[in-house]
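The values are calculated or read from the model by the stated rules, or taken from the named source; none is laboratory data. Every value quoted in this text rests on a predicted model; they were computed, and no experiment measured them. Here the Cβ positions follow ideal geometry from the backbone for every residue, glycine too, while neighbour counts run over all protein chains shown. Note: accessible area is taken over every heavy atom of the protein model, side chains too, but ligands, DNA and RNA are not part of it. Shrake-Rupley method; radii C 1.70, N 1.55, O 1.52, S 1.80 Å.
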Amino acid sequence: MAQTPSANNSVKLSGSKGKAVADPLLSCLLRLTQLKQCPCSETSLIAGLPLVDQRLTPGLFVRAAGRAGLDAKVIKRSLTEIPDIVLPLVLLLQNNRACVLLSLDKQGRTAECIIDGVGQSRFLTVDKLRATYTGYCIYTKLQQPLQSRSQADDTQNNNWFWSVMKSSWRIYRDVLMASFFINLLAIATPLFVMNVYDRVVPNQALATLWVLAIGVIIVYLFDLVLKGLRGYFVEVAGKKSDILLSCFLFERVLGSRFSESPSSIGSFVSQFREFDSVRNFYTSSTITAFIDLPFVLVFLLLILYVGGPLVWVPIIALPIILLYGFVLQKPIKLSVEQTFRSAAQKNAILVESLVGLETVKVLGTEGFLQRLWERSVGHLAHWSQRVRLLSLSVTLFSGLIQQLASVVIIIAGVYLIVERELTMGALIACFMLASRAMMPISQVASLLVSYDQTKTALAALNDIVAKPQERNPEKPFVKRPHFAGAIQFNKVNFAYPDDKQAALEDISFKINAGEKVAIIGRIGSGKTTIQKLILGLYAPSQGNVLFDGIDSQQIDPADLRQHIGYVPQDIVLFAGSIKDNLSYGASHISDAHIIAAAELSGVKEFVDRHPLGFDRLVGERGQALSGGQRQSIGIARALLRKPSMMVLDEPTSGMDNSSETHVKHKLEKVLRHKTLILVTHKTSLLSLVDRVLVLDNGRLIADGPKAPVLEALKKGQLRVAQS
């Protein structure tokens with residue numbers, strides 16, 4: 001639909017006028033997804049991304065666009081260089097603003113834009129747009145078809161390490177060129193010495209000596225510069241790879257399914273930490289060693305040219321060094337594997353002891369843990385020592401062979417000199433060239449030891465990358481920006497991973513939008529499991545969980561959890577202030593909303609009594625607060641999202657009667673139009689609900705209005721299995 005620009009629909013782009021948009025790039029991306037027929041919710045686009053000041057950056061825009069099925073690229077282009085075929089696109093404007101460019105009439109000097117991605121499109125002159133345009137824009141296009149894209153994703157996951165390394169190929173190209181010239185310049189010293197002994201000394205040509213000396217000094221200076229540049233380039237490439245690989249690995253960890261959580265956090269951390277050894281192996285020592293390796297042939301040819309038959313000495317010595325390295329591969333591999341297991345066990349003991357330090361002291365288990373620690377440390381020390389000794393033997397053996405080769409060259413060279421087949425200068429040059437030729441081989445032999453360590457570490461990292469992700473690229477999600485709050489379990493069966501006994505069996509019930517339901521039952525009856533299925537942390541083994549009539553497996557987990565206010569019984573807080581913990585996961589939250597949620601949950605009551613107020617530090621895992629205070633923060637954190645569904649698991653178990661009464665009274669008003677699922681053993685909280693579900697041994701044994709169900713339980717009319 002064409003429009004003509006006029007004064008009435010023109011717009012000014014000054015950042016100081018008009019209503020500010022919290023995240024212009026996100027708004028522009030949301031509008032682009034609508035224009036390209038792939039609409040997404042705000043939550044699904046930014047969930048898990050490291051926002052900067054709660055905003056997308058151009059780099060994060062590219063990652064967020066990928067979730068919507070769009071390939072994006074930040075490009076520097078002037079307005080006149082933008083072709084019509086790439087429209088619509090995003091223009092980056094001054095003052096951290098952006099706009100969606102819909103059309104550009106270069107002849108009429110007008111442009112149709114959606115400023116900050118909100119509102120209707122507006123026309124403005126190209127000159128006004130150019131005045132605030134930064135010169136950078138973001139091209140977007142629909143990704144390749146789903147099947148081929150999933151295959152590409154699988155390939156990337158299988159080759160995640162090398163795909164990142166490949167992104168630095170230009171830097172490694174420069175490293176290769178620098179290494180080429182460094183090795184060429186290494187020839188200067190042997191040639192200098194040979195000419196001094198063979199030409200300068202016999203003829204007492206002092207002028208020639210100074211010419212040669214000045215020349216070789218210049219070569220040394222060039223060599224110094226090239227080695228410095230090579231080291232710099234290797235470190236730059238290593239830093240780039242380190243950042244990209246670390247971010248990718250951590251994203252895979254956070255994005256994996258909850259069912260894939262490690263059984264031992266300490267062992268997992270030990271595995272994750274091995275990334276440094278992998279990165280160092282492939283980005284520093286290995287590169288320089290293998291780049292220098294082809295020049296061994298160059299040095300051997302020079303020895304053949306200068307010393308003739310002396311070339312056989314390094315030719316025989318080099319395979320001996322490599323053979324010894326290969327022979328030690330099997331014992332080294334065994335030792336490395338044992339070292340990794342011992343290190344993981346040691347780390348697991350340390351983490352578990354520190355996390356449960358209070359319990360350790362109360363139960364008096366320090367001696368038991370100390371015994372486990374000393375046994376683990378001793379085992380690790382034994383295998384680590386074996387690895388180091390085997391590595392040392394490779395270094396010593398390589399050095400021995402080099403020394404023997406040098407002696408043999410000198411002996412053979414003397415015989416050749418006696419027979420007038422070699423000069424003194426040529427012998428010294430061959431001696432130096434042989435040492436230079438065997439140096440890369442010795443490095444490779446040492447790297448064979450590190451290779452097993454790196455291979456084992458890389459295999460552990462591959463296991464992390466291979467973990468199934470919550471967002472499966474092969475299965476597009478149904479876009480659900482809003483939920484009414486209806487929940488239905490349809491013949492759900494579920495068993496935890498590696499657990500043969502079913503936690504839920506044939507569970508079916510329906511909760512209408514806005515309904516208030518309590519789930520009660522004895523310990524181990526399946527109450528917590530139902531909560532985890534509702535939150536999408538696990539998927540049913542059989543049956544399905546529906547939200548507003550849609551299977552939960554078809555809904556983006558981020559969208560689903562954004563609309564569920566969850567208060568677990570054990571509230572986990574993060575290091576920081578009370579305000580920091582309240583606003584976790586709630587983007588662009590205002591202080592007014594924080595204060596309102598704090599008032600409803602009872603947080604404001606104890607915050608007002610502390611001189612630091614909301615800036616009071618909670619300590620690691622909230623240890624500076626009481627259990628009731630942590631629960632109050634958990635309730636406030638859940639309410640801040642303004643969810644349509646609330647899942648409360650013993651929300652007041654750590655509170656006194658006064659605090660519980662206050663919170664319950666406030667919740668009655670807040671939950672009026674929300675779906676509530678309450679798990680509790682406290683009858684006082686049942687006033688919040690109208691309906692009760694009773695579970696026993698993973699089965700639903702009662703479902704009905706609150707009063708009749710509670711009366712039946714009281715009279716023993718419900719059959720509950722005996723434990």
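Here are some notes:
- Restraint check, LYS76/LYS141; LYS76/LYS239; LYS73/LYS128, Cα-Cα greater than 19 Å: LYS76/LYS239; LYS73/LYS128
- Nitroxide proxy distance, nm - points 7 Å out along Cα→Cβ at LEU612 and THR661: 3.2
- With DNA, RNA and ligands ignored, accessible area of LYS510 (1.4 Å probe; Å², nearest 10): 110
- Shape class of the chain from the Cα gyration tensor (axes a ≥ b ≥ c, square roots of the eigenvalues): oblate, since a/c reaches 1.5 or more and a/b does not exceed b/c.
- Cysteines in the chain lacking any other cysteine Cβ under 4.7 Å from their own Cβ: CYS28, CYS38, CYS40, CYS137, CYS247, CYS430.
- Taking a ≥ b ≥ c as the square roots of the Cα gyration tensor eigenvalues, the range 445-495 comes out prolate, since a/c reaches at least 1.5 and a/b is larger than b/c.
- Size of electric dipole in the chain: Cβ of Lys, Arg +1 and of Asp, Glu -1, about Cα centre, debye, nearest 20: 1240
- Chain lengthening between ASP105 and THR365 when straightened (0.36 nm per residue, less Cα-Cα): 85.9 nm
- With the helix formula -39500 (n - 2.57) applied to DSSP H stretches of n ≥ 4, the chain reaches a computed 222 nm mean residue ellipticity of -17000 deg cm²/dmol.
- Length-normalised contact order of the chain in % [C-alpha pairs under 8 Å, at least 6 apart]: 11
- Convex hull volume of the C-alpha atoms in the range 308-382, normalised per residue: 86 Å³.
- Per-pair calculated FRET efficiency, R0 = 22 Å: THR528 and ASP703 via Cβ, rounded to 0.05: 0.75
- Using only side-chain charges placed at the Cβ, +1 for Lys and Arg and -1 for Asp and Glu, the dipole size of the range 64-137 relative to its Cα centre rounds to 180 debye.
- Antiparallel DSSP beta bridges within the chain, as percent of all bridges there, nearest 5: 70
- Inter-part distance where the range 21-59 and the range 534-608 are each reduced to a Cα centre, Å: 20
- Linear extension gain, ARG375 paired with ALA624, 0.36 nm per residue minus alpha-carbon span: 86.2 nm
- Computed lengthening from LYS500 to LEU184, 0.36 nm per intervening residue step minus Cα-Cα distance: 107.1 nm
- Heavy-atom accessible surface of the chain, averaged per residue, reaches 52 Å², computed with a 1.4 Å probe.
- Accessible-area composition of the chain, carbon plus sulfur, in percent [1.4 Å probe]: 59
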